[in-house]
Structure formats: structure tokens, C-alpha cells
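Computed from the coordinates by the stated procedures, all read-outs in this text should not be read as laboratory data. Everything numeric in this text was worked out from a predicted model, so none of it was measured. We place every Cβ from the backbone using ideal geometry, glycine too, and count neighbours over all the protein chains shown.
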Amino acid sequence: MGKKVYFTSEFVSPGHPDKICDQISDSILDACLKDDENSRVACEAFATTGLVVIGGEITTKTYVDVQKIVREKITEIGYRPGMGFDADCGVLNTIHSQSPDISMGVDTGGAGDQGIMFGGAVNETEELMPLALVLSRGIIQKLTKLTRSKELSWARPDAKAQVTLAYDENGKVLGVDTIVLSVQHNEEVTQRQIEEDLKEKVIKPVLEKYDLKIDEVRKFHINPTGRFVIGGPHGDSGLTGRKIIIDTYGGYFRHGGGAFSGKDPSKVDRSAAYAARWIAKNIVAAGFATKCEVQLSYAIGVVEPVSIRVETFGTGTVEETRIEEAVAKLFDLTPNGIQKSLNLRKPSFRYQDLAAFGHIGRTDIDTPWERLNKIGELKKAINLQK
């Protein structure tokens, strides 16, 4: 057998300190957009033992009860008295209105800031996502479901999963090499029960969904320190925007650095990253590549993107420049164009649900950037260039 290549992605639960903050920020955004779709929101949260601080800039015509939103979200996530963090914590609100220097550029249809955004697609899964990220997310989703249903009565909200895949030299997935899973727990449960429950009830069914066998995983690290009672913001502080790799592709594709949560769709950090995924997924689904990454860039107050770049990593069936020309022609990549095309101001989903389990490649939520509705147009536009 030839040389193996390894790639690893991780995922964290909705009860992770940073994810608590992401969900709070997007819950506030959801509340603003519900009654005023033109709300300008840039909201961030900080969480620590006994305290949540909300800051940022919001301009909206509606009233948002920040205290209520924060406390309800903490309860929904699963934190209760006795865990070191719960809904009775202090909530400090320091929000003010958007800077007029920024709003003057957005008012004319320009981007709310400069920046670079990436989106990607690869044929490792049916949803055209990297398998390591999909498995890590699946483990956390299954774990969260069992924790909230009390089937895993010993489990608490904070958790992290990590999956390492082995590839051959040609990039083909050979199997799962290592799984790391750390789950916050009560004082009474034994390490043996934790390992048995997680392998049988959480990991095994997720692997089987992708025709993978738990017996073929080379190594497991389950709660490797042997104790994880203190967790959530009581164990580590949380901050909005610190889990951007989990939110997207698990490190498989590049990331421009801008976070999503707490930002209204005029912020291209969010909207253009969604658009880049939409473009890349349709390119792969149309058969023009088996792996594709799209980069978009913007300048503050400028309507059109500064640049569009398509990378197919040697898997393309046509020249990348031809794909780029078709993309520029078929997709309205102005900030307002993206918002309208993807219905980001009146979404059928909640942004806070994306913050919980990722923004890209979701199969449980109908997000417009996952729709394969540009395949025919791409084929027609690219084939006409011959």
C-alpha cells in the first residue's frame, strides 16, 4: 500500500462557550429581522462564569428584549443551576447604533466592509462536503439529541468531537483513522460507561450512515483527561466568532477570517461566504470539477466585488477562467443581489440554528445556498464559450 495522507476536522456542541455566544448573537439578529427586515446588526457576546456581555452596533425600528433572549437561549442549550453557568447569570447590554460612516456606504448598496470570502464543494459526500467535517458534525448532532432527550442522563451541554481521515496518495478516502470525543458529564458516571455509551449510541450510528464501521477505526480518545465535569463558560470563557472553521468546512477549504454570527446580510463576511458556497456547489454538481473553491473579495461602500476566483485543484473539466466568466455573468454578487437571491432578509430558517450546528452543508435545514438551481445555466454559459 502507498503512502497515507491524513486530514482532521473538529466540531463543538451548542453548549461550547464560543457556540453559546454565536447562538446568542444570532438570536438577537433573528429578533431584529423578524420585525424589521432592514435592520443593521453587528452584535457580539462574551460569556464567563455568571455573566454574559452583549456589545456591538444595532440600528433597527423594532424593540429587542436582549435580557430575555439571552436567558431563553441559555436554557434551551441545556444549562441549569449547579453547572456553574445558567440563565440566572448577569446580562450586561452595551449595544449602540451603527456608525454613520459605515451606513453611508451600505445605504448606496455597497459592501459593509472590505474582505475576502471563500466557499467550497467536494464530492466526498452526497451534500458535496468534506467527510471529516460531516462526521464530526454528525457525532455532535447525535450527542446533543441524546443529551437533550435525557437518554444520556450523565451528559452535560459542553462537548467537542474530532475526526481524522486517512487518504491515499490520489486523495481517495481510505477510512477513519482516529476519533476524539470529549463530553462534559456529571460527578457520578464512570469513564467506562462514558466510553461504552458514546461508542455504541453516538459514534457507531453516525459512521454506519456513511458505510463506515466502528471496528475499523484505528484509535479512539474519549474524554482523554479522564474528567470533564467543569465545562461551559464556567470552565472557559466564550466569544462570538471564534469557531469560524467549524461554521464552514472544518479547514478543508480556506477561510477569509470573517465570522458570520451576529451580522446582518449587508455584511459580506456572511452573505458572500454563503454565495461562494452556492457557486462552488453548483460548479461541482454540474460536473465541471470534483473539488472547487471560490474566492470573492469586496471593498467597503463598493457595489461590485473586487475579484472572483475559481480554483478546481486540477480536477476541472474546463479552464477555470471560463468558469469565472460564467459565474460573473450568472450570479449577482453585489451585496443587495446576494441578499435577494438567497432571501437573507426574510429567511425561512433561523440564523441561530445555523450558529448551533454550522452554516454550510446542512441537510436538516433548507438554506438557499445549498440549492442546485444553477446547474443548467452554468452548463449553457460555459458550453457556449467553446
- Query: Could you give the distance between the Cα centres of region 331-345 and region 125-139, to the whole Å?
  - Reply: 27 Å
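Report Rg(Cα)/(2.2 N^0.38 Å) for region 17-103, keeping two decimals.
Working: Rg = 13.2 Å, N = 87, 2.2 N^0.38 = 12.0 Å.
Expressed relative to 2.2 N^0.38 Å, the Cα Rg reads 1.10.
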- Per the charge dipole of region 17-103 (beta-carbon charges, Lys/Arg positive, Asp/Glu negative, Cα centre), the residue among ILE28, LEU51, GLY82 reaching farthest to the positive end is GLY82
- Task: Could you let me know the centre-to-centre spacing of region 202-227 and region 3-56, using Cα atoms, in angstrom?
- Result: 28 Å
- Item | Reachable lysines from LYS61, criterion Cα separation under 26 angstrom, eight or more residues apart if same chain | LYS34, LYS73, LYS263, LYS267, LYS340, LYS346
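Could you work out the helix-only [θ] at 222 nm for the chain, with each DSSP H run of four or more residues adding -39,500 (n - 2.57) and the total divided by the number of residues, to the nearest 500 deg cm²/dmol?
On the way: 12 runs with 125 residues, N = 386.
Mean residue ellipticity at 222 nm (helix-derived): -9500 deg cm²/dmol.
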- Beta carbons within 10 angstrom, averaged per residue: use that to sort the peptides 110-119, 276-285, highest first. 276-285, 110-119
- Size of the dipole of region 3-68 about the Cα centre, Lys and Arg at +1 and Asp and Glu at -1 on the beta carbon, nothing else charged, in debye to 20? 360 debye
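Classify the chain as rounded, prolate or oblate, taking a ≥ b ≥ c as the square roots of the eigenvalues of its Cα gyration tensor: rounded when a/c is under 1.5, otherwise prolate if a/b is larger than b/c and oblate if not. Show your work: numbers first, answer last.
Working: a/c = 2.40, a/b = 1.12, b/c = 2.15.
Verdict is oblate for the chain.
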- Burial ranking of peptide ranges 239-251, 20-32 (average Cβ count within 10 Å, highest at the top): 20-32, 239-251
- Item | Of THR317, THR59, THR367, the one that fluctuates the most in a GNM where the chain has Cα springs shorter than 10 Å | THR317
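Note down the magnitude of the dipole of the chain about its Cα centre, charges +1 on Lys and Arg C-beta and -1 on Asp and Glu C-beta and zero elsewhere, to the nearest 20 debye.
Using Cβ point charges on Lys, Arg, Asp and Glu, the chain gives about 580 debye.
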- Cross-link reach list, lysines versus LYS199, counting only Cα pairs under 26 Å and skipping chain neighbours closer than eight places: LYS4, LYS19, LYS142, LYS145, LYS150, LYS160, LYS172, LYS209, LYS213, LYS219, LYS243
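Given the peptides 131-140, 82-91, 322-331, 204-213, arrange them by the average over their residues of other C-beta atoms within 10 Å, most packed first.
Working: 131-140: 25.6, 82-91: 17.0, 322-331: 19.2, 204-213: 15.0.
Descending packing order for the listed peptides: 131-140, 322-331, 82-91, 204-213.
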- So who's got an amide H within less than 5 Å of the one on VAL306, skipping anything under 5 residues away but keeping other chains? H placed 1.01 Å off N, in plane. SER297, TYR298, ALA299
- Item | Alpha-carbon centroid distance for the pair region 350-386 / region 246-271, whole angstrom | 15 Å
- Express in nm, to one decimal, how much length is gained between LYS219 and SER307 on full extension, taking 0.36 nm for each residue of separation and deducting their alpha carbon distance. 27.3 nm
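Assign one of three labels to region 169-264, namely rounded, prolate or oblate, based on the Cα gyration tensor with a ≥ b ≥ c the square roots of its eigenvalues; rounded applies when a/c is under 1.5, prolate when it is not and a/b is larger than b/c, and oblate otherwise. Provide the component values of the computation, followed by the final result.
Working: a/c = 2.47, a/b = 1.09, b/c = 2.27.
Oblate.
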